[in-house]
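Here the structure is laid out as structure tokens; the discussion comes afterwards.
The values are calculated or read from the model by the stated rules, or taken from the named source; none is laboratory data. Values in this document were obtained by computation on a predicted structure and should not be read as measured data. Using ideal geometry, Cβ is built from the backbone for each residue, glycine included, and neighbour counts are taken over all protein chains shown. The accessibility values were calculated without ligands, DNA or RNA, using every heavy atom of the protein model including side chains. Shrake-Rupley method; radii C 1.70, N 1.55, O 1.52, S 1.80 Å.
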Amino acid sequence: MGLDSLPPLRDVISAHGLQAKKSLGQNFLLDQNITDKIVRLCGVPEGLNVVEIGPGPGGLTRSLLRSPAAGVWAVEADSRAVAALGDLKNAAAGRLHILEGDALAVDVRDLCPTPRAVIANLPYNIATPLLLGWLQHLYEDHGAYEFLALMFQKEVAQRICAAPSGKAYGRLAVIAQWLCEAKILVDLPPSVFTPPPKVRSAVVKLVPRRLPADSPPFAAVERVTALAFQGRRKMVRSSLGAYEAHFEGAGIDPQARAENLSVAQYIRLAQLGSDPVS
Ligand code: SAM
């Protein structure tokens, strides 16, 4: 059986009793036009090794396998889905590799060599910790991923891409935009998923930036943003009092609020105050 003669995804789901489980964040994409569009918008160059988290019944996986990617390395926690992917694996002629397990416990850099990207319709309950883990990998080595193209709840996608001063701007925006250029590729209504989630969804593409050699430690950026956004409307001279000696060096007005500082100001502050005196 070739990739073009596979049974419809709805038949695969019923043959394997793959009724969606909420606890596993299962909202499946069954329309090939949508999954093909996502893959087209991501831009998959020839020879790319793609990591997919949560292939489920394999809709997005089919589209990835029809792209010029060298192969797909899929991590799936649900053994029913792993069984349901059997025919697709056979049809993929060695280009689909499946690991059954918890994506939070897997270092996806060990799955396949570079050039590598993660493309996934993520389980929403673990999407943010997964993203933070991959961003940390990019901090360690900006070549770890060519890009990350990830489906989130739209509200999370907006938090990743938010500009200063808006209500979505916070820790996630600062950390993600420090390490990557982030933009929303496509915004999708609940009706394209089975079962439909309660909220809209969006795919974010994150392309790594090359960091200067004197960049602050990842933990220092986590620390300063955690402190700042505990009180996003407070003046930074109170929320970031421990960093006050560095405000001038970072070009920060002590009366500004956390939500008004730019990504560059946070990074400069983290760099100057890696060891704040508290
Ligand atoms: N990619 C499929 C699609 O687009 O139709 C399914 C996406 S669904 C939103 C999320 C998938 O992640 C499900 O297949 C679910 O079983 C899987 N999943 C949930 N938690 C997981 C975990 N901790 N590790 C790996 N996969 C997980």
Starting from region 17-34, take each residue that is farther than 12 Å from Arg62 by Cα and list its partners that are open to solvent by 40 Å² or more (accessible area, probe 1.4 Å) and in a loop (DSSP other than H, G, I, E, B), counting only C-beta distances under 6 angstrom and pairs at least six apart or across chains.
Ala20/Pro195; Gln26/Ala20
Tell me, yes or no, whether region 254-261 has at least one residue that is in contact with a His (Cβ under 6 Å, 6 or more places away or on another chain) and touching a residue at least 12 places away in the same chain (Cβ under 8 Å).
no
Looking at region 71-78, can you tell me whether even one residue there is open to solvent by 50 Å² or more (accessible area, probe 1.4 Å) and either outside any loop (DSSP other than H, G, I, E, B) or within 14 Å of the ligand (Cβ to nearest atom) (or both)?
yes
If you take the residues in region 131-155 that are open to solvent by 10 Å² or more (accessible area, probe 1.4 Å), part of a helix (DSSP H, G or I) and of a type outside the set (Phe, Trp, Tyr), which one is nearest to Ser201 (Cα to Cα)?
Lys154
Search region 57-69 for residues that are β-branched (Val, Ile, Thr) and pair each with any residue that is in a loop (DSSP other than H, G, I, E, B) when their beta-carbon atoms are under 9 Å apart and the residues are at least 6 apart or on different chains.
Thr61/Pro55; Thr61/Leu85; Thr61/Ala92
Could you tell me whether Leu88 is open to solvent by less than 40 Å² (accessible area, probe 1.4 Å), in contact with a strand residue (DSSP E or B) (Cβ under 8 Å, 6 or more places away or on another chain) and away from the ligand (no atom under 11 Å from the Cβ)?
yes
For region 163-212, name all the residues that are under 15 Å from the mean Cα position of the chain (by Cα) and of a type in the set (Gly, Ala, Ser).
Ala173, Ala176, Ala182, Ser201, Ala202
Could you look through region 96-122, keep only residues that are touching a helix residue (DSSP H, G or I) at 6+ places or on another chain (Cβ under 7 Å) and open to solvent by 20 Å² or more (accessible area, probe 1.4 Å), and pick out the one that is farthest from the ligand (Cβ to nearest atom)?
Arg109
Restricting attention to region 213-239, report how many residues are part of a loop (DSSP other than H, G, I, E, B) and at pLDDT 95 or above.
3
